[in-house]
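Scroll down for the structure; my scribbles are underneath it.
The values are calculated or read from the model by the stated rules, or taken from the named source; none is laboratory data. As the structure is a prediction and not an experimental result, all values here were calculated from the model. Here the Cβ positions follow ideal geometry from the backbone for every residue, glycine too, while neighbour counts run over all protein chains shown.
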Amino acid sequence: MSPLLVAALRKSYDGREVVAGLGFELRRGECYGLLGPNGAGKTTTLRCCLGLTTPDSGDITLVGEPVPARAREARMKIGVVPQFDNLDPDFTAAENLIVYGRYFGMKDAEIRPKIGELLDFAGLAGKEDANIRSLSGGMKRRLTLARALVNDPELLLLDEPTTGLDPQARHLIWERLKRLQVQGKTILLTTHFMDEAERLCQRLAIIDGGRMVAEGAPRALIGEHIEAQVVEVYGEDAPSWAAREAQAFSRRVEVSGETAFCYVADAAPLLAHLAAWPGLRTLHRPANLEDVFLKLTGRELRD
Amino acid sequence: MKLATHPSPSIRAFAVWRRNFLVWKKLAIPSLLGNLADPMIYLFGLGYGLGGLLPQVGGVSYIAFLAAGTVCASTMNAASFEALYSAFSRMHVQRTWEAIMNAPVTLEDVMAGELLWAAAKATLAGTAILIVIAALGLIASPLALWALPVIFLTGLAFAALGLIVTALAPSYDFFMYYFTLFISPMVLLSGVFFPTDQLPPLVQAVAAWLPLTHAVALVRPLLFGEIPAGIAGHVTALLAVAAIAFWIALTLIRRRLLK
């Protein structure tokens with residue numbers, strides 16, 4: 001049985017369709033990513049999956065339970081790390097875990113023995129009595145992750161788990177998520193960080209405008225949707241150079257500001273040509289998920 | 001409209017209640033003193049200061065008359081503050097409700113927990129004043145103990161009314177309207193400071209519909225050692241306000257949070 005099955009999901013707000021027929025299925029034990037620009041419908045999809053809002057149409061089965069009809073029962077086996085920190089500021093770290101466990105009907109005697117282990121896992125050993133206000137952003141995130149594990153969930157839903165964190169804190173979260181996967185947890189994660197998705201997810205869906213535009217393993221998506229090599233060309237003259245010369249050496253060229261992105265199967269002829277243009281700086285690299293993302297969702301700003 | 005029915009709250013509401021209780025426990029003494037200070041200033045200031053100038057009011061000394069009004073008004077205030085400012089912090093500022101609803105707890109549970117918590121805190125505030133009043137010798141007989149369930153019921157009614165305002169509030173400033181336009185006039189019209197028969201007949205007719213009027217009408221005779229007249233009507237009125245207001249608050253809050 002799939003931990004989460006979503007089919008033909010639709011949800012509109014004020015006549016604007018935020019989720020427009022989205023469907024996907026998680027495999028047990030995998031980390032699945034929902035990747036999309038701001039406003040793509042990621043958070044709304046998660047809210048529908050948790051039964052916190054009723055979709056206009058579509059079917060959701062969460063850990064075997066139909067949602068929203070039996071959302072409460074389903075949430076017994078789910079852990080959630082929300083996009084915005086909502087730890088209880090009036091409580092210590094340990095109290096946050098105890099109080100949260102009670103929402104699952106757990107007795108204090110069941111929760112207390114787990115606190116040390118959960119804080120250990122979150123890299124917060126010895127912080128039982130720490131005031132929430134004294135914790136850094138990264139520590140709060142990790143405590144939120146620990147809180148999501150208090151009921152030993154089958155499936156973790158993480159909404160942009162590393163947004164706003166510094167690189168050290170992000171790496172620590174990633175390492176912990178990988179550990180959870182080794183323990184057999186299934187993870188659904190939304191993000192707009194490509195490196196995060198590429199590192200963590202076995203499979204991911206790129207969504208835009210509430211629709212899925214591509215789905216697959218990160219490497220497969222790169223292989224399927226984009227040329228293998230990218231040569232980035234920088235400089236004042238890059239746009240005019242790109243307009244005249246780039247097409248001859250590239251399968252596809254995109255210009256953004258003073259940078260031309262040349263997508264090529266073989267970079268050698270282009271690099272040889274560019275040697276004659278000392279005013280242009282170049283960066284030759286393999287194509288990555290961000291290239292796929294930008295190709296499929298466009299380069300315009302989404303605010 | 002699907003909004004006409006709500007799933008019924010479950011036992012999980014108690015976990016929400018306990019969460020608020022745990023926060024309160026950390027600051028119990030200052031919180032209780034805060035609940036006592038304001039009404040005591042009114043009771044002593046007006047009761048002795050103004051009361052010294054007055055002949056008997058309603059057949060008793062003014063401070064004895066004022067005692068029941070003070071109990072009811074502070075119960076109302078405690079319930080209102082909890083259901084407005086504190087609940088709004090948890091709903092909007094701290095996003096505590098959001099966190100709770102990611103667990104197997106529904107919005108109905110959260111609201112029921114908040115309602116019962118605000119009523120409990122109001123009961124504590126009202127009871128604390130009742131104890132002070134008893135110590136001052138302003139209570140006639142053990143019949144006054146029946147004021148305790150009335151205090152709880154008053155707390156429920158005003159907690160439910162407060163949750164409606166919280167459901168509509170864009171920010172803390174909004175609560176000023178509720179206090180200035182509803183709570184303050186009600187205190188003057190409900191027989192807290194003077195008997196309602198001092199009011200013009202038209203205003204009396206309005207006052208008869210106010211929940212605080214019913215609370216005062218029950219508590220005052222009880223403190224004097226008398227059985228209140230029209231108990232069933234007053235209790236029904238308070239219960240009806242609590243039930244209808246809670247239903248409206250739930251409908252509004254569902255629209256706000258579960259859209």
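Would you mention how many residues in segment A:157-178 are aliphatic (A, V, I, L, M) and closer than 15 Å to residue A:43 by Cα? Talk me through it step by step, then tell me what you get.
Our first condition is that a residue be aliphatic (A, V, I, L, M); within segment A:157-178, this holds for A:157-158, A:165, A:169, A:172-173, A:177.
Now narrow it down to the ones that are closer than 15 Å to residue A:43 by Cα: A:157-158.
Residues in segment A:157-178 being aliphatic (A, V, I, L, M) and closer than 15 Å to residue A:43 by Cα: 2 in total.
Report whether or not residue A:96 is buried (at least 18 other Cβ atoms within 10 Å of the Cβ), out of contact with any Ser or Thr (no Cβ under 6 Å at 6 or more places or on another chain) and assigned to a loop (DSSP other than H, G, I, E, B). Full working, then the answer.
Numbers: buried (at least 18 other Cβ atoms within 10 Å of the Cβ): yes; out of contact with any Ser or Thr (no Cβ under 6 Å at 6 or more places or on another chain): yes; assigned to a loop (DSSP other than H, G, I, E, B): no.
No.
Got a sec? Which of A:147, A:142 is within 26 Å of residue B:18 (Cβ to Cβ), surrounded by 14 or more Cβ atoms within 10 Å (Cβ to Cβ) and more than 12 Å from every other protein chain (Cβ to nearest Cβ)? Working first, answer last.
Numbers: A:147 fails: more than 12 Å from every other protein chain (Cβ to nearest Cβ).
One residue alone meets the criteria, A:142.
Within segment B:119-162, which residues are surrounded by fewer than 24 Cβ atoms within 10 Å (Cβ to Cβ) and among the aromatic types (Phe, Trp, Tyr)?
B:146, B:152 - these are the residues of segment B:119-162 that are surrounded by fewer than 24 Cβ atoms within 10 Å (Cβ to Cβ) and among the aromatic types (Phe, Trp, Tyr).
Being surrounded by 16 or more Cβ atoms within 10 Å (Cβ to Cβ) and at the interface with chain B (Cβ under 7 Å from one of its Cβ atoms) is the filter; apply it to segment A:77-88 and report the residue that is nearest to residue A:149 (Cα to Cα).
Once the filter is applied, the top-ranked residue is A:80.
For residue A:73, all conditions in the list (1) surrounded by fewer than 20 Cβ atoms within 10 Å (Cβ to Cβ); (2) at the interface with chain B (Cβ under 10 Å from one of its Cβ atoms); (3) farther than 26 Å from residue B:8 by Cα hold save one; what is the number of the exception?
(3)
Please go through segment A:1-58 and pick out each residue that is part of a loop (DSSP other than H, G, I, E, B) and under 15 Å from residue A:189 (Cα atoms). Full working, then the answer.
Restricting attention to segment A:1-58, the residues satisfying the condition of being part of a loop (DSSP other than H, G, I, E, B) are A:1-3, A:14-15, A:26-30, A:36-41, A:50-56.
A:3, A:26, A:27, A:28, A:29, A:30, A:36, A:37, A:38, A:40, A:41, A:50, listed by residue number.
Out of segment B:22-64, which residues are in contact with a Lys or Arg (Cβ under 9 Å, 6 or more places away or on another chain) and within 14 Å of chain A (Cβ to nearest Cβ)? If you could, list the steps in order and put the result at the bottom.
The first filter runs over segment B:22-64 and keeps only residues in contact with a Lys or Arg (Cβ under 9 Å, 6 or more places away or on another chain), leaving B:24, B:31, B:35, B:58.
Within segment B:22-64, B:24, B:31 meet the criteria.
Does residue B:78 satisfy the criteria of being in contact (Cβ under 8 Å) with a residue 40 or more places away in the chain, away from chain A (no Cβ under 14 Å) and in contact with a Ser or Thr (Cβ under 8 Å, 6 or more places away or on another chain)?
Details: in contact (Cβ under 8 Å) with a residue 40 or more places away in the chain: yes; away from chain A (no Cβ under 14 Å): yes; in contact with a Ser or Thr (Cβ under 8 Å, 6 or more places away or on another chain): no.
For residue B:78, the condition - in contact (Cβ under 8 Å) with a residue 40 or more places away in the chain, away from chain A (no Cβ under 14 Å) and in contact with a Ser or Thr (Cβ under 8 Å, 6 or more places away or on another chain) - is not met.
Between B:67, B:99, which is among the hydrophobic types (A, V, I, L, M, F, W, C), within 14 Å of another protein chain (Cβ to nearest Cβ) and over 23 Å from residue B:247 (Cβ atoms)?
Values: B:67 fails: within 14 Å of another protein chain (Cβ to nearest Cβ).
Unique residue meeting the criteria: B:99.
State all residues of segment B:200-259 that are free of Cβ contacts under 8 Å to residues at least 40 places away in the same chain, within 30 Å of residue B:109 (Cβ to Cβ) and of a type in the set (Gly, Ala, Ser); if no residue qualifies, say none.
Correct list: B:237, B:240.
Answer yes or no: is there a residue in segment B:109-119 that is farther than 30 Å from residue A:78 by Cβ and either modelled with pLDDT of 90 or more or touching a helix residue (DSSP H, G or I) at 6+ places or on another chain (Cβ under 8 Å) (or both).
Initial filter on segment B:109-119 (farther than 30 Å from residue A:78 by Cβ): B:119.
Imposing the further condition that a residue be either modelled with pLDDT of 90 or more or touching a helix residue (DSSP H, G or I) at 6+ places or on another chain (Cβ under 8 Å) (or both) reduces the set to B:119.
The answer is yes; a qualifying residue exists.
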